[in-house]
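Read the structure below first, then the notes.
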Amino acid sequence: MKLQLLVLSITLFVCSCKPGTKETTLDKSGEATVAVTKKKEYPEGLDKVFAAHGGLDLWKQQRTLTFEIPKPENPETHTTDLWSRTDKIVSPSYTLGFDGKQPWVEGEYKGNAEFYHNLMFYFYAMPFILADDGIIYRGTDNLEFEGKSYPGIKIGYNSGVGTSPKDEYYLHYNPDTHIMEWLGYTVTYRTGEPSDNVKWIRYDDWKTVNGLLLPNSISWYNYEGKRIKDKRNTVTFENISISNVPAPTSFYVKPDTAVYYVKPE
């Protein structure tokens, strides 16, 4: 009996000492706190994609991501806090921001700030953005393009996650290198209803920034279902930087001259 108790005690001790993952989060005051949590598991293919792009651990150490999108009249500088997901877009004609609760607008911006303030960040931060909480992973058919077959993973969201939880994404990667090459996505924001119209972006232009493989440009393609056709347009990213240093909290706060965005009825 004593031997059984000894074995049980050792087993409980070993189990309690299994290493966890240190997750850094922000408390209500904006201060960083560290807690040991159970390591999140991902599909094997997605794990290999993260590794091919520099590793999820390195990504999670970063705090501030900045890039510029050149445009003839209104070039935009996008800055995002990778932990809190507050963000800010600055251009000559307007400034958009998200203070953690609500998007705000300053200047002559005519679009939907709630939809756009983090849109290009989500496209740019692929594939790492697909490690967020609240995501459901499923298998999907390979994507065929110009005689090559790209394995893929279907991504959905739990109810209540983000502004468009019914959106779906399809990540397809190179079977040899595991580098991401295609992203399919649906848009449900305006209707709130699921869609089977999958748009396609090609990721074939990468740049290593601080050890992470990030897009130098991405290209939208014309399509018919999952049959990819010709290239439609390309968005280029310039002056890319990623750092483990946060911007001041005040950087993302709504200025007195800005207004909170109100979604039209």
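Under 1.5 on a/c is rounded, so check that first for region 126-265, then, if it is not, pick prolate when a/b is larger than b/c and oblate when it is not; a ≥ b ≥ c are the square roots of the alpha carbon gyration tensor eigenvalues.
Cα axes put region 126-265 in the oblate bin.
What is the distance in Å between the Cα centres of region 71-145 and region 233-261?
Between the Cα centre of region 71-145 and that of region 233-261, the gap is 10 Å.
From largest accessible area down, sort GLU106, GLU238; use a 1.4 Å probe on the protein chains.
The most accessible residue leads, giving GLU238, GLU106.
So, R0 is 22 Å and r is the distance between the beta-carbons of ASP205 and GLU41; what FRET efficiency does that work out to, to 0.05? Present the calculation step by step, with values, prior to reporting the outcome.
Numbers: r = 31 Å, r/R0 = 1.39.
Plugging the Cβ-Cβ distance into 1/(1 + (r/R0)^6) gives 0.10.
By how many nm would the segment from ILE136 to LYS263 grow when fully extended, if each residue of separation counts as 0.36 nm and the alpha-carbon distance is taken off?
Additional length available on full extension: 42.9 nm.
Leaving out ligands, DNA and RNA but keeping every protein chain, what accessible area does SER149 have, in Å² rounded to the nearest 10, with a 1.4 Å probe?
My reading of the accessible area for SER149 is about 40 Å².
On full extension of the chain, what length is gained from ALA51 through ARG227, given 0.36 nm per residue of separation minus the C-alpha to C-alpha distance?
Working: separation 176, 0.36 × 176 = 63.36 nm, distance 2.84 nm.
The span from ALA51 to ARG227 would gain 60.5 nm if fully extended.
Please give the length that would be gained between GLU238 and ASN197 if that part of the chain were fully extended, namely 0.36 nm times their separation in residues minus their C-alpha to C-alpha distance (nm, one decimal). Walk me through the intermediate numbers first.
Details: separation 41, 0.36 × 41 = 14.76 nm, distance 3.01 nm.
So the extension gain works out to 11.7 nm.
Report THR177's accessible area, 1.4 Å probe, all protein chains in place, as a number in Å² to the nearest 10.
That residue has around 70 Å² of solvent-accessible surface.
The values are calculated or read from the model by the stated rules, or taken from the named source; none is laboratory data. Please read these numbers as outputs of a predicted model, since none were measured by experiment. Methodologically, a virtual Cβ is constructed for each residue, glycine included, from the backbone with ideal geometry; neighbour enumeration extends over all protein chains shown. To get the accessible areas, we keep the full protein, side chains included, count just its heavy atoms, and leave off ligands, DNA and RNA. Shrake-Rupley method; radii C 1.70, N 1.55, O 1.52, S 1.80 Å.
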